[in-house]
Amino acid sequence: MLDRNQIAQRIAQELQNGWYVNLGIGIPTLVANYIPEGIDVEFQSENGLLGMGPFPFEGEEDADLINAGKQTVTMMRGGSIFDSSMSFAMIRGRHVQLTVLGAMEVSDCGDIANWKIPGKMVKGMGGAMDLVASADNIIVAMSHTNRKGQSKLLRQCSLPLTGVKCVKKVVTNMAVLDITPNGFELLERAPGVSLEEIQAATEGRLIIDGDVPEMKL
Amino acid sequence: MNKLVKDAKEGIEGIKDGMTLMLGGFGLCGIPENCISALVDIGVKDLTCISNNAGVDDFGIGLMLQRSQVKKMISSYVGENDEFERQMLSRDLEVDLIPQGSLAERCRAGGAGIPAFFTPAGYGTEVANGKEVRYFDGKPHILESALQADYALVKAWKGDRYGNIIFKGTARNFNPVMAMAGKITVVEVEELVEPGGLDPNFIHIPGVFVQRIFQGTGYEKRIEQRTTRSKA
(Lines give C-alpha, C1' and ligand atoms only; values in the text may rest on other atoms or scores of the structure.)
Protein backbone atom coordinates (compact mmCIF):
# COMPACT_ATOMS: atom_id res chain seq x y z
CA MET A 1 0.00 0.00 0.00
CA LEU A 2 1.24 3.48 -0.79
CA ASP A 3 1.41 6.28 1.72
CA ARG A 4 0.20 9.83 0.98
CA ASN A 5 3.55 10.94 -0.40
CA GLN A 6 3.80 7.97 -2.74
CA ILE A 7 0.30 8.59 -4.11
CA ALA A 8 1.42 12.17 -4.80
CA GLN A 9 4.65 10.92 -6.34
CA ARG A 10 2.76 8.64 -8.76
CA ILE A 11 0.44 11.46 -9.78
CA ALA A 12 3.40 13.76 -10.39
CA GLN A 13 4.48 11.32 -13.13
CA GLU A 14 1.45 12.53 -15.11
CA LEU A 15 2.75 16.12 -15.26
CA GLN A 16 3.73 17.37 -18.68
CA ASN A 17 6.03 20.22 -19.58
CA GLY A 18 4.36 23.60 -19.84
CA TRP A 19 1.22 22.61 -18.00
CA TYR A 20 -0.74 24.79 -15.61
CA VAL A 21 -1.89 22.67 -12.69
CA ASN A 22 -4.32 23.17 -9.81
CA LEU A 23 -3.75 21.12 -6.68
CA GLY A 24 -6.53 20.65 -4.15
CA ILE A 25 -6.03 20.58 -0.40
CA GLY A 26 -4.77 17.43 1.29
CA ILE A 27 -2.81 14.77 -0.61
CA PRO A 28 -2.88 16.75 -3.90
CA THR A 29 -0.70 19.54 -2.47
CA LEU A 30 2.09 16.99 -1.99
CA VAL A 31 2.30 16.52 -5.79
CA ALA A 32 4.30 19.76 -5.91
CA ASN A 33 7.11 18.01 -4.02
CA TYR A 34 7.68 15.41 -6.77
CA ILE A 35 7.89 17.30 -10.04
CA PRO A 36 9.90 15.06 -12.39
CA GLU A 37 13.32 16.17 -13.58
CA GLY A 38 13.17 18.42 -16.61
CA ILE A 39 9.46 19.12 -16.31
CA ASP A 40 8.38 22.74 -15.96
CA VAL A 41 4.86 23.36 -14.66
CA GLU A 42 3.13 26.31 -13.02
CA PHE A 43 0.82 25.77 -10.06
CA GLN A 44 -2.36 27.78 -9.91
CA SER A 45 -3.94 28.53 -6.56
CA GLU A 46 -7.63 29.37 -6.81
CA ASN A 47 -7.38 32.28 -4.38
CA GLY A 48 -5.50 34.27 -6.99
CA LEU A 49 -1.93 33.08 -7.52
CA LEU A 50 -0.12 31.61 -10.51
CA GLY A 51 3.38 30.30 -9.94
CA MET A 52 2.81 29.00 -6.44
CA GLY A 53 6.10 27.92 -4.88
CA PRO A 54 7.04 25.81 -1.87
CA PHE A 55 6.43 26.76 1.75
CA PRO A 56 8.66 29.66 2.88
CA PHE A 57 11.68 29.28 5.18
CA GLU A 58 10.97 29.98 8.84
CA GLY A 59 10.79 33.70 9.50
CA GLU A 60 9.88 34.49 5.89
CA GLU A 61 6.15 33.78 6.09
CA ASP A 62 3.98 36.42 4.41
CA ALA A 63 0.42 36.78 5.67
CA ASP A 64 -0.53 38.15 2.26
CA LEU A 65 0.72 35.10 0.35
CA ILE A 66 -1.30 31.98 1.03
CA ASN A 67 -2.68 29.06 -0.96
CA ALA A 68 -6.19 27.65 -1.24
CA GLY A 69 -5.68 25.71 1.98
CA LYS A 70 -4.79 28.95 3.82
CA GLN A 71 -1.16 27.85 4.21
CA THR A 72 1.71 30.32 3.79
CA VAL A 73 3.53 29.80 0.50
CA THR A 74 6.05 31.53 -1.76
CA MET A 75 5.78 32.64 -5.37
CA MET A 76 8.11 31.44 -8.13
CA ARG A 77 9.81 33.96 -10.38
CA GLY A 78 7.47 34.71 -13.28
CA GLY A 79 4.43 34.22 -11.08
CA SER A 80 1.46 36.55 -10.94
CA ILE A 81 -1.38 37.70 -8.70
CA PHE A 82 -5.00 38.31 -9.72
CA ASP A 83 -8.45 38.44 -8.20
CA SER A 84 -10.94 35.63 -7.64
CA SER A 85 -13.03 36.28 -10.76
CA MET A 86 -9.89 36.16 -12.91
CA SER A 87 -8.79 33.01 -11.10
CA PHE A 88 -12.00 31.19 -11.92
CA ALA A 89 -12.02 32.58 -15.44
CA MET A 90 -8.73 30.71 -15.84
CA ILE A 91 -10.26 27.58 -14.40
CA ARG A 92 -13.73 27.71 -16.00
CA GLY A 93 -12.23 28.86 -19.30
CA ARG A 94 -10.19 25.65 -19.43
CA HIS A 95 -6.79 27.32 -19.39
CA VAL A 96 -5.56 24.98 -16.67
CA GLN A 97 -4.47 21.58 -18.01
CA LEU A 98 -4.72 19.42 -14.88
CA THR A 99 -6.71 19.44 -11.66
CA VAL A 100 -5.82 17.08 -8.82
CA LEU A 101 -8.20 16.74 -5.93
CA GLY A 102 -9.24 14.43 -3.12
CA ALA A 103 -12.57 12.66 -2.81
CA MET A 104 -14.79 10.76 -0.47
CA GLU A 105 -16.40 8.78 -3.28
CA VAL A 106 -15.91 8.32 -7.01
CA SER A 107 -18.39 6.43 -9.19
CA ASP A 108 -17.44 4.20 -12.10
CA CYS A 109 -18.83 6.72 -14.58
CA GLY A 110 -16.70 9.52 -13.13
CA ASP A 111 -19.04 11.23 -10.66
CA ILE A 112 -17.27 12.67 -7.63
CA ALA A 113 -18.42 13.45 -4.11
CA ASN A 114 -15.98 15.39 -1.95
CA TRP A 115 -17.73 18.21 -0.18
CA LYS A 116 -20.51 17.12 2.15
CA ILE A 117 -21.56 14.39 4.55
CA PRO A 118 -25.17 15.42 5.35
CA GLY A 119 -25.73 16.10 9.02
CA LYS A 120 -22.07 15.57 9.86
CA MET A 121 -19.62 17.47 7.74
CA VAL A 122 -20.75 20.42 5.70
CA LYS A 123 -17.62 22.48 5.21
CA GLY A 124 -18.58 23.63 1.73
CA MET A 125 -17.40 22.96 -1.78
CA GLY A 126 -14.97 25.87 -2.20
CA GLY A 127 -13.68 25.83 -5.76
CA ALA A 128 -14.17 22.10 -6.31
CA MET A 129 -17.37 22.33 -8.35
CA ASP A 130 -15.88 24.92 -10.69
CA LEU A 131 -12.73 22.83 -11.06
CA VAL A 132 -14.43 19.55 -11.87
CA ALA A 133 -16.94 21.14 -14.23
CA SER A 134 -14.28 22.78 -16.31
CA ALA A 135 -11.03 20.87 -16.35
CA ASP A 136 -10.22 18.54 -19.22
CA ASN A 137 -8.02 16.40 -17.05
CA ILE A 138 -9.07 15.52 -13.53
CA ILE A 139 -7.12 13.12 -11.34
CA VAL A 140 -8.43 12.08 -7.96
CA ALA A 141 -5.96 11.26 -5.18
CA MET A 142 -7.49 9.27 -2.34
CA SER A 143 -7.37 6.16 -0.20
CA HIS A 144 -9.04 3.17 -1.87
CA THR A 145 -11.23 2.48 1.16
CA ASN A 146 -12.52 4.68 3.97
CA ARG A 147 -11.86 4.39 7.69
CA LYS A 148 -14.55 1.75 8.01
CA GLY A 149 -12.88 -0.31 5.28
CA GLN A 150 -15.67 0.42 2.78
CA SER A 151 -14.86 0.97 -0.88
CA LYS A 152 -14.66 4.54 -2.12
CA LEU A 153 -14.78 3.44 -5.77
CA LEU A 154 -18.47 2.81 -6.24
CA ARG A 155 -21.10 1.95 -8.80
CA GLN A 156 -22.90 5.12 -7.71
CA CYS A 157 -21.98 7.80 -5.21
CA SER A 158 -24.14 7.88 -2.10
CA LEU A 159 -22.93 11.28 -0.88
CA PRO A 160 -23.96 14.64 -2.38
CA LEU A 161 -22.14 15.14 -5.67
CA THR A 162 -19.49 17.69 -6.50
CA GLY A 163 -19.64 16.93 -10.21
CA VAL A 164 -20.95 14.41 -12.71
CA LYS A 165 -19.03 12.31 -15.24
CA CYS A 166 -15.88 14.37 -14.83
CA VAL A 167 -13.12 12.30 -13.24
CA LYS A 168 -10.60 10.84 -15.71
CA LYS A 169 -8.17 8.97 -13.51
CA VAL A 170 -7.96 7.80 -9.91
CA VAL A 171 -4.77 7.11 -7.99
CA THR A 172 -5.19 5.39 -4.65
CA ASN A 173 -2.93 3.72 -2.11
CA MET A 174 -3.64 0.48 -3.99
CA ALA A 175 -3.98 1.26 -7.69
CA VAL A 176 -4.09 3.55 -10.70
CA LEU A 177 -7.39 3.38 -12.56
CA ASP A 178 -8.84 5.09 -15.62
CA ILE A 179 -12.53 5.91 -15.86
CA THR A 180 -13.93 4.44 -19.09
CA PRO A 181 -17.47 4.08 -20.50
CA ASN A 182 -17.48 0.57 -18.96
CA GLY A 183 -16.23 1.52 -15.54
CA PHE A 184 -12.88 1.59 -13.71
CA GLU A 185 -10.07 0.18 -15.83
CA LEU A 186 -7.20 -1.05 -13.68
CA LEU A 187 -3.93 0.26 -15.09
CA GLU A 188 -1.39 -0.35 -12.35
CA ARG A 189 -1.13 -2.00 -8.95
CA ALA A 190 0.72 -0.51 -5.97
CA PRO A 191 3.89 -2.54 -5.29
CA GLY A 192 2.99 -5.71 -3.41
CA VAL A 193 -0.77 -5.29 -3.82
CA SER A 194 -2.62 -8.16 -5.52
CA LEU A 195 -5.45 -8.11 -8.04
CA GLU A 196 -7.68 -9.88 -5.50
CA GLU A 197 -7.11 -7.18 -2.90
CA ILE A 198 -8.03 -4.50 -5.42
CA GLN A 199 -11.12 -6.35 -6.57
CA ALA A 200 -12.26 -6.82 -2.97
CA ALA A 201 -11.82 -3.11 -2.29
CA THR A 202 -13.62 -1.88 -5.43
CA GLU A 203 -17.42 -1.88 -5.38
CA GLY A 204 -17.86 -0.29 -8.80
CA ARG A 205 -17.40 -2.07 -12.15
CA LEU A 206 -13.75 -3.03 -12.47
CA ILE A 207 -12.15 -3.97 -15.78
CA ILE A 208 -8.98 -6.04 -15.63
CA ASP A 209 -7.46 -6.55 -19.06
CA GLY A 210 -4.50 -8.93 -19.06
CA ASP A 211 -1.44 -8.40 -16.93
CA VAL A 212 -1.58 -5.38 -14.64
CA PRO A 213 1.91 -4.04 -13.93
CA GLU A 214 3.12 -2.56 -10.66
CA MET A 215 3.58 1.21 -10.34
CA LYS A 216 7.11 2.42 -10.90
CA LEU A 217 8.07 4.83 -8.11
CA MET B 1 -13.26 64.07 -5.14
CA ASN B 2 -12.94 63.35 -1.47
CA LYS B 3 -14.20 60.06 -0.19
CA LEU B 4 -12.11 60.10 2.92
CA VAL B 5 -13.74 59.18 6.19
CA LYS B 6 -12.03 59.23 9.57
CA ASP B 7 -12.17 55.59 10.60
CA ALA B 8 -14.14 52.34 10.50
CA LYS B 9 -16.88 53.72 12.74
CA GLU B 10 -17.54 56.50 10.24
CA GLY B 11 -17.04 54.05 7.40
CA ILE B 12 -19.88 51.78 8.48
CA GLU B 13 -22.32 54.56 9.28
CA GLY B 14 -25.74 53.67 7.96
CA ILE B 15 -25.42 49.90 8.29
CA LYS B 16 -28.64 48.70 9.92
CA ASP B 17 -30.14 45.46 11.21
CA GLY B 18 -31.18 43.13 8.43
CA MET B 19 -28.87 44.52 5.75
CA THR B 20 -26.82 42.50 3.27
CA LEU B 21 -23.06 42.98 3.49
CA MET B 22 -20.20 41.74 1.35
CA LEU B 23 -16.88 41.20 3.13
CA GLY B 24 -13.69 40.69 1.21
CA GLY B 25 -11.04 38.16 2.09
CA PHE B 26 -10.03 34.54 1.60
CA GLY B 27 -9.69 32.83 4.95
CA LEU B 28 -8.17 35.53 7.12
CA CYS B 29 -6.18 36.97 4.22
CA GLY B 30 -7.36 40.39 3.07
CA ILE B 31 -10.28 40.72 5.50
CA PRO B 32 -11.58 44.17 6.51
CA GLU B 33 -10.38 43.85 10.12
CA ASN B 34 -11.26 47.41 11.20
CA CYS B 35 -14.80 47.35 9.79
CA ILE B 36 -15.49 43.95 11.35
CA SER B 37 -14.41 45.33 14.75
CA ALA B 38 -16.66 48.33 14.22
CA LEU B 39 -19.62 46.09 13.35
CA VAL B 40 -19.04 44.15 16.55
CA ASP B 41 -18.90 47.45 18.47
CA ILE B 42 -22.24 48.75 17.21
CA GLY B 43 -23.88 45.35 17.65
CA VAL B 44 -25.88 45.48 14.40
CA LYS B 45 -27.64 42.17 13.79
CA ASP B 46 -29.79 39.96 11.51
CA LEU B 47 -27.18 40.50 8.85
CA THR B 48 -26.80 38.55 5.64
CA CYS B 49 -23.06 38.28 5.06
CA ILE B 50 -21.62 37.39 1.67
CA SER B 51 -18.03 36.30 2.14
CA ASN B 52 -16.00 33.37 0.81
CA ASN B 53 -15.29 32.10 4.32
CA ALA B 54 -16.46 32.71 7.86
CA GLY B 55 -13.16 33.45 9.56
CA VAL B 56 -12.07 31.39 12.52
CA ASP B 57 -13.83 31.12 15.87
CA ASP B 58 -12.17 34.18 17.38
CA PHE B 59 -11.22 36.29 14.38
CA GLY B 60 -12.79 37.72 11.25
CA ILE B 61 -16.49 37.07 10.77
CA GLY B 62 -16.20 34.51 13.57
CA LEU B 63 -16.32 37.50 15.97
CA MET B 64 -19.73 38.45 14.59
CA LEU B 65 -20.96 34.85 14.71
CA GLN B 66 -19.96 34.60 18.36
CA ARG B 67 -22.26 37.53 19.07
CA SER B 68 -25.08 36.12 16.91
CA GLN B 69 -25.04 39.11 14.60
CA VAL B 70 -25.33 37.02 11.45
CA LYS B 71 -28.66 35.59 10.32
CA LYS B 72 -27.42 34.20 7.04
CA MET B 73 -24.07 33.46 5.41
CA ILE B 74 -23.44 33.10 1.72
CA SER B 75 -20.05 31.44 1.37
CA SER B 76 -18.17 28.72 -0.47
CA TYR B 77 -16.25 27.15 2.41
CA VAL B 78 -16.71 27.41 6.16
CA GLY B 79 -14.46 24.61 7.34
CA GLU B 80 -12.10 26.66 9.51
CA ASN B 81 -14.75 27.78 11.93
CA ASP B 82 -16.11 25.17 14.35
CA GLU B 83 -18.67 27.57 15.88
CA PHE B 84 -19.95 28.27 12.38
CA GLU B 85 -20.32 24.59 11.53
CA ARG B 86 -22.11 24.04 14.82
CA GLN B 87 -24.55 26.94 14.30
CA MET B 88 -25.19 25.70 10.78
CA LEU B 89 -25.80 22.06 11.67
CA SER B 90 -28.10 23.10 14.51
CA ARG B 91 -29.94 25.45 12.15
CA ASP B 92 -29.30 28.59 14.24
CA LEU B 93 -27.65 30.04 11.18
CA GLU B 94 -28.94 29.97 7.61
CA VAL B 95 -26.23 29.08 5.12
CA ASP B 96 -26.04 29.16 1.35
CA LEU B 97 -22.96 27.29 0.24
CA ILE B 98 -22.14 28.23 -3.31
CA PRO B 99 -19.23 27.33 -5.59
CA GLN B 100 -16.34 29.74 -5.16
CA GLY B 101 -16.10 30.61 -8.85
CA SER B 102 -19.83 31.26 -9.06
CA LEU B 103 -19.60 33.45 -5.94
CA ALA B 104 -16.83 35.52 -7.51
CA GLU B 105 -18.60 35.82 -10.84
CA ARG B 106 -21.97 36.65 -9.22
CA CYS B 107 -20.34 39.55 -7.37
CA ARG B 108 -18.57 40.72 -10.52
CA ALA B 109 -21.83 40.48 -12.46
CA GLY B 110 -23.59 42.44 -9.73
CA GLY B 111 -21.16 45.26 -10.14
CA ALA B 112 -21.04 45.00 -13.91
CA GLY B 113 -24.73 45.21 -14.75
CA ILE B 114 -25.02 41.57 -15.83
CA PRO B 115 -28.17 40.26 -14.10
CA ALA B 116 -27.47 36.58 -14.71
CA PHE B 117 -25.13 34.19 -16.52
CA PHE B 118 -24.70 30.50 -17.26
CA THR B 119 -21.93 28.41 -15.70
CA PRO B 120 -21.13 24.68 -15.78
CA ALA B 121 -20.22 24.68 -12.09
CA GLY B 122 -22.69 22.81 -9.93
CA TYR B 123 -24.65 21.12 -12.71
CA GLY B 124 -25.80 17.69 -11.53
CA THR B 125 -25.43 18.65 -7.86
CA GLU B 126 -27.79 20.14 -5.30
CA VAL B 127 -26.45 23.57 -6.23
CA ALA B 128 -28.45 23.25 -9.45
CA ASN B 129 -31.80 22.71 -7.67
CA GLY B 130 -34.47 24.99 -9.03
CA LYS B 131 -32.16 26.63 -11.54
CA GLU B 132 -32.67 26.81 -15.28
CA VAL B 133 -30.41 24.51 -17.29
CA ARG B 134 -29.30 25.30 -20.80
CA TYR B 135 -26.93 23.48 -23.12
CA PHE B 136 -24.07 25.22 -24.87
CA ASP B 137 -21.84 23.20 -27.17
CA GLY B 138 -23.60 20.11 -25.91
CA LYS B 139 -22.61 20.80 -22.30
CA PRO B 140 -25.14 21.58 -19.56
CA HIS B 141 -24.91 24.90 -17.69
CA ILE B 142 -27.00 26.40 -14.90
CA LEU B 143 -28.31 29.94 -14.60
CA GLU B 144 -26.83 31.95 -11.73
CA SER B 145 -27.94 35.46 -10.80
CA ALA B 146 -25.91 38.51 -9.84
CA LEU B 147 -25.22 39.38 -6.20
CA GLN B 148 -25.24 42.89 -4.78
CA ALA B 149 -24.87 44.21 -1.25
CA ASP B 150 -26.11 47.23 0.68
CA TYR B 151 -22.50 47.69 1.81
CA ALA B 152 -19.30 46.08 0.59
CA LEU B 153 -16.49 46.10 3.16
CA VAL B 154 -13.16 45.88 1.40
CA LYS B 155 -9.55 45.67 2.55
CA ALA B 156 -6.90 47.11 0.24
CA TRP B 157 -3.17 47.81 0.44
CA LYS B 158 -2.99 51.39 -0.80
CA GLY B 159 -5.54 53.89 -1.92
CA ASP B 160 -6.15 57.58 -2.47
CA ARG B 161 -9.04 59.93 -1.69
CA TYR B 162 -10.51 59.32 -5.15
CA GLY B 163 -11.06 55.74 -4.05
CA ASN B 164 -8.48 54.27 -6.44
CA ILE B 165 -7.09 51.17 -4.76
CA ILE B 166 -4.48 48.48 -5.16
CA PHE B 167 -4.12 45.17 -3.34
CA LYS B 168 -1.18 43.14 -2.15
CA GLY B 169 -0.53 39.49 -2.88
CA THR B 170 -3.30 37.02 -2.24
CA ALA B 171 -5.03 39.57 0.00
CA ARG B 172 -6.65 40.66 -3.25
CA ASN B 173 -8.98 37.66 -3.78
CA PHE B 174 -12.65 38.75 -3.55
CA ASN B 175 -12.01 42.38 -2.68
CA PRO B 176 -12.07 43.77 -6.23
CA VAL B 177 -15.36 42.15 -7.30
CA MET B 178 -17.05 42.99 -4.01
CA ALA B 179 -15.86 46.59 -4.33
CA MET B 180 -17.76 46.67 -7.62
CA ALA B 181 -20.94 45.09 -6.26
CA GLY B 182 -21.57 47.13 -3.13
CA LYS B 183 -24.15 49.89 -3.29
CA ILE B 184 -21.94 51.61 -0.77
CA THR B 185 -18.35 50.37 -0.88
CA VAL B 186 -16.19 51.10 2.14
CA VAL B 187 -12.45 50.51 1.78
CA GLU B 188 -9.88 50.35 4.56
CA VAL B 189 -6.28 50.72 3.42
CA GLU B 190 -2.91 50.09 5.02
CA GLU B 191 -1.55 53.18 3.36
CA LEU B 192 -3.37 56.26 2.20
CA VAL B 193 -1.51 58.04 -0.62
CA GLU B 194 -1.90 61.40 -2.29
CA PRO B 195 -3.84 61.54 -5.57
CA GLY B 196 -1.33 60.75 -8.28
CA GLY B 197 0.60 58.60 -5.84
CA LEU B 198 -0.69 55.44 -7.55
CA ASP B 199 0.43 54.79 -11.12
CA PRO B 200 -2.82 54.93 -13.16
CA ASN B 201 -1.61 51.94 -15.21
CA PHE B 202 -1.49 49.78 -12.13
CA ILE B 203 -4.70 50.69 -10.31
CA HIS B 204 -6.63 47.50 -9.54
CA ILE B 205 -10.01 49.05 -8.81
CA PRO B 206 -10.74 52.56 -10.06
CA GLY B 207 -12.32 54.96 -7.58
CA VAL B 208 -15.66 55.05 -9.40
CA PHE B 209 -16.64 51.91 -7.50
CA VAL B 210 -15.70 53.28 -4.06
CA GLN B 211 -17.80 55.55 -1.83
CA ARG B 212 -15.76 55.72 1.38
CA ILE B 213 -12.09 55.14 2.15
CA PHE B 214 -10.08 55.42 5.34
CA GLN B 215 -6.64 54.76 6.76
CA GLY B 216 -6.89 51.52 8.72
CA THR B 217 -4.95 50.80 11.91
CA GLY B 218 -3.59 47.98 14.00
CA TYR B 219 -3.77 45.17 11.45
CA GLU B 220 -3.19 41.77 13.01
CA LYS B 221 -2.99 39.94 9.64
CA ARG B 222 -3.35 36.64 11.37
CA ILE B 223 -1.90 33.58 9.60
CA GLU B 224 -4.20 30.56 9.71
CA GLN B 225 -1.61 27.95 8.81
CA ARG B 226 1.98 28.96 9.23
CA THR B 227 3.69 26.36 7.04
CA THR B 228 7.43 26.41 6.42
CA ARG B 229 10.15 24.27 4.89
CA SER B 230 13.54 23.56 6.42
CA LYS B 231 16.77 24.79 4.89
CA ALA B 232 18.32 21.76 3.20
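The values are calculated or read from the model by the stated rules, or taken from the named source; none is laboratory data. What you are looking at is a predicted structure, and each value in this text was computed from that prediction instead of being measured. Positions of Cβ are backbone-derived with ideal geometry, glycine not excepted, and every protein chain shown enters the neighbour counts. All accessible areas refer to the heavy atoms of the entire protein, side chains included, with ligands and DNA or RNA removed. Shrake-Rupley method; radii C 1.70, N 1.55, O 1.52, S 1.80 Å.
Descriptive notes on the structure:
- Test: residue in region B:100-114 that is farther than 26 Å from A:D64 by Cβ and open to solvent by 50 Å² or more (accessible area, probe 1.4 Å): yes
- Matching residues, region B:56-85, being within 11 Å of chain A (Cβ to nearest Cβ) and farther than 16 Å from B:A152 by Cβ: B:V56, B:S76, B:Y77, B:V78, B:G79, B:E80, B:N81, B:D82, B:F84, B:E85
- Looking across region B:182-232, the residues that are more than 14 Å from every other protein chain (Cβ to nearest Cβ), hydrophobic (A, V, I, L, M, F, W, C) and either within 27 Å of A:A68 (Cα to Cα) or part of a helix (DSSP H, G or I) (or both) come down to B:V186, B:V187, B:V208.
- In region B:39-59, the residues that are open to solvent by 30 Å² or more (accessible area, probe 1.4 Å) and touching a strand residue (DSSP E or B) at 6+ places or on another chain (Cβ under 6 Å): B:D46
- Of the strands (runs of 3 or more DSSP E) lying entirely inside region B:14-77, those containing at least 1 residues that are over 21 Å from A:A128 (Cα atoms) and in contact (Cβ under 8 Å) with a residue 60 or more places away in the chain are B:20-23.
- Residues in region A:68-99 that are under 22 Å from B:G101 (Cβ atoms), in a loop (DSSP other than H, G, I, E, B) and either open to solvent by 20 Å² or more (accessible area, probe 1.4 Å) or facing chain B (nearest Cβ under 8 Å) (or both): 10 in all.
- Residue that is touching a helix residue (DSSP H, G or I) at 6+ places or on another chain (Cβ under 9 Å), away from chain A (no Cβ under 11 Å) and over 19 Å from A:M125 (Cβ atoms), where the choices are B:A109, B:A152: B:A152
- Among (1) open to solvent by 30 Å² or more (accessible area, probe 1.4 Å); (2) assigned to a loop (DSSP other than H, G, I, E, B); (3) within 20 Å of B:F214 (Cα to Cα) - the single one B:E80 does not satisfy: (3)
- Filter result (of a type outside the set (A, V, I, L, M, F, W, C), under 19 Å from B:F167 (Cβ atoms) and open to solvent by 10 Å² or more (accessible area, probe 1.4 Å)) within region B:1-38: B:K3, B:E33, B:N34
- Residue match in region A:101-120 (condition: without any contact (Cβ under 8 Å) to a residue 40 or more places away in the chain, surrounded by fewer than 18 Cβ atoms within 10 Å (Cβ to Cβ) and over 25 Å from B:A181 (Cβ atoms)): yes
- Of the residues screened, B:A171 is not one that is within 23 Å of B:R106 (Cα to Cα) and more than 10 Å from chain A (Cβ to nearest Cβ).
- Counted as qualifying within region A:124-213 are the strands (runs of 3 or more DSSP E) with 1 or more residues that are open to solvent by 10 Å² or more (accessible area, probe 1.4 Å) and more than 14 Å from every other protein chain (Cβ to nearest Cβ), namely A:169-171, A:175-180, A:183-189.
- Some residue of region B:165-178 being open to solvent by 50 Å² or more (accessible area, probe 1.4 Å) and not in a loop (DSSP other than H, G, I, E, B): no
- Those residues of region A:93-134 which are touching a Pro at 6+ places or on another chain (Cβ under 7 Å) and farther than 30 Å from B:R86 by Cβ, in sequence order: A:V100, A:A133, A:S134
- Residue match in region B:1-9 (condition: at pLDDT below 95 and over 16 Å from the mean Cα position of the chain (by Cα)): yes
- Qualifying positions in region B:64-75 - open to solvent by 10 Å² or more (accessible area, probe 1.4 Å) and out of contact with any Asp or Glu (no Cβ under 9 Å at 6 or more places or on another chain): B:R67
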